[in-house]
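Only the coordinates and a few stated rules stand behind these numbers; no lab work does. Model, not experiment: these values are computed from the prediction. All Cβ positions, even for glycine, are placed from backbone atoms using ideal geometry, and neighbour counts span all protein chains on display.
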Amino acid sequence: MGASAVESVLAVDFGTTTTCAALARGGSVRRLREPVGDGWAWPSAVLLSGNRPYVGSAAEQRRLLDPAAYRDELKRTLGRGVPVDLGGRGHPAGLLVSLLLQAVRAEAERANGGPVDRSVLTVPAAYGPADPRGEELLDAARRAGLPRPELCPEPVAGALAPLAGGPLPPGSTVLVHDLGGGTFDTALVRLPGEGGRPGPAVLAHDGEEYGGRDFDALVYAELLDRGGPELTALLPPEDAGPGDAGPGGGGPGGGGPERAGPGGAGPERALPGETALRHRIQLLDLARRLKHRLAAESAPAEVFAPAGRVLGLHRDRFLRQAEPLYARTTACCARLLAEAALLDTAGSPPRPDAVVVIGGSSRLPGLVEHVEQALGLPVVLAEDPRTAVAEGAAAWAAARVVRTVEAVGPVPERTPLRWPLPPGGAVLVEWSVGPGRRYPAGAVLGRARAEDGSLLHLSAPAPGRVRAQHARPGERVRDGDWLVTVEQHHEG
């Protein structure tokens, strides 16, 4: 284990726009602060300056120096199978993600006083066991040195997060409403009963590809409209809104060469491309700042230095523009509840006791009121919607007993070993004892990953020697499969 006999678990919520982390140890969960940005979240961004990587806030602070070498929204690069262009050079998406995860791991080790013992990463409920994005994320975690990584569905983590007013009663059913930076996810989750058993279960889930960046686009377009032709002339020729255009990241700050630029055309400009990209980044930053200030101000405004203009935003107008996006989230929730009722065969479709609202975009003005009114259910807020998923995942992982399954079968000198695996089987991750090697009773011969993302430790009931292995890492194995042949040795 780490610095002491108390097990420590690092939980990472790798989000589209930001990444949050928490450390579980000794029955407590603490959030991890990003050292550079001095906040609770690492921007999900990387910048490569020559061969030197910068991640999180350090990357953001340097992006105006070299916009083409910057990329944010790293989560969107997973599973595409194409290199990500930074400064004219292609890089594997998993490598870029691992650079960010290395920084998170380093902060966890500093806070823990040494290496952590286990790790868990959260993924959308839509990531199935064969989803290449989940596998690429696990590969990136291993490359970053995260120990024994597991996957936890984001809705489960959100349902277990610290809630304002305290936890819900054991066995409650909650509807999770998670509006993040790039995605909206909803799920029906049943919380553990008395004594924590059975564990939390996702009864149904749904989601869509939109989130905080779509609200950024509304504000960005509003600022462009207010700024007029003088402001438009400072931006790249094709710029008509955030979209996915430009090198170096999502939104006006960039997007890899595999992304299409936004539509629309403006007047001819003579600005160098890099200068125009910098102006786009600065305008998007202004749009985001004004959007966040709407939570406390009715009409925030700032000076946009490149144009020498004061640009502002009005809450009432934003609410009118945002209403269709708010309505999309609750329509998705209502559709999920209707589908769950149709699939129910017990005659008592699950009825949520409450809606748990999480996600960085949940602080937008008027959103909580809209959810409560549209769904007709009580709304429960996370203590901190930005870090809720990371804190909930840490609690989920800390509460889990490491699952070790013992081989079953006859006990002659040479015997096939089989393991009872959960429904749907598992994917073999690794063999830890090779052919010809001896092992003691109870030794873990290998590990497999169940469909819920958790690790299964495949143990042997008696001492012996491995003769042959009949499955390769990466293969799917099922309950009762003959996975290894051993010679069993009797002690004494």
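Once backbone amide H atoms are built at 1.01 Å from N, Cys152 has Leu121, Thr122, Val123 as its partners under 5 Å, excluding neighbours fewer than 5 places away on the same chain. Label-to-label distance, Arg33 versus Arg110, with points set 7 angstrom from Cα along the beta-carbon direction: 1.0 nm.
Computed from the C-beta positions of Glu230 and Glu339 and an R0 of 51 Å, the FRET efficiency is 0.55 to the nearest 0.05. Here is the result for the range 37-87: no chymotrypsin sites (Phe, Trp or Tyr not before Pro) lie in DSSP coil with at most 12 other C-beta atoms within 10 angstrom of their C-beta. Computed packing ranks the peptides 297-308, 75-86 as 75-86, 297-308, most packed first, by mean other Cβ atoms within 10 Å. Fewest neighbouring Cβ atoms within 10 Å first, the residues Tyr220, Tyr439 line up as Tyr439, Tyr220.
Seen from a random direction on average, the alpha-carbon convex hull of the range 1-105 projects onto 7.4 square nanometres. Quick check: residue separation of Ala164 and Val310 times 0.36 nm, minus the Cα distance between them. What number comes out in nm? So the chain would gain 48.8 nm between Ala164 and Val310. Here each label is just a point 7 Å from Cα along the line to Cβ, and for Arg478 and Ala331 those points are 4.0 nm apart.
Can you list the residues of the range 445-479 with backbone N under 15 Å from a point 7 Å past the Cα of Arg437, pointing along Cα to Cβ? Output list for this probe position: 445-448, 458-460, 464-470, 473.
Residue-wise HN-Hα couplings along the range 374-390, as the Karplus relation 6.51 cos²θ - 1.76 cosθ + 1.60 with θ = phi - 60° gives them from phi, are 6, 9, x, 10, x, 9, 10, 9, 6, 4, 9, x, 6, 9, 4, 5, 5 Hz; Gly and Pro carry x. Calculated FRET efficiency, His470 to Val6, Cβ-Cβ distance, R0 = 41 Å: about 0.60 to the nearest 0.05.
Packing around the peptides 90-102, 162-174, 475-487, taken as the average count of other Cβ atoms within 10 Å per residue, puts them in this order, highest first: 90-102, 475-487, 162-174.
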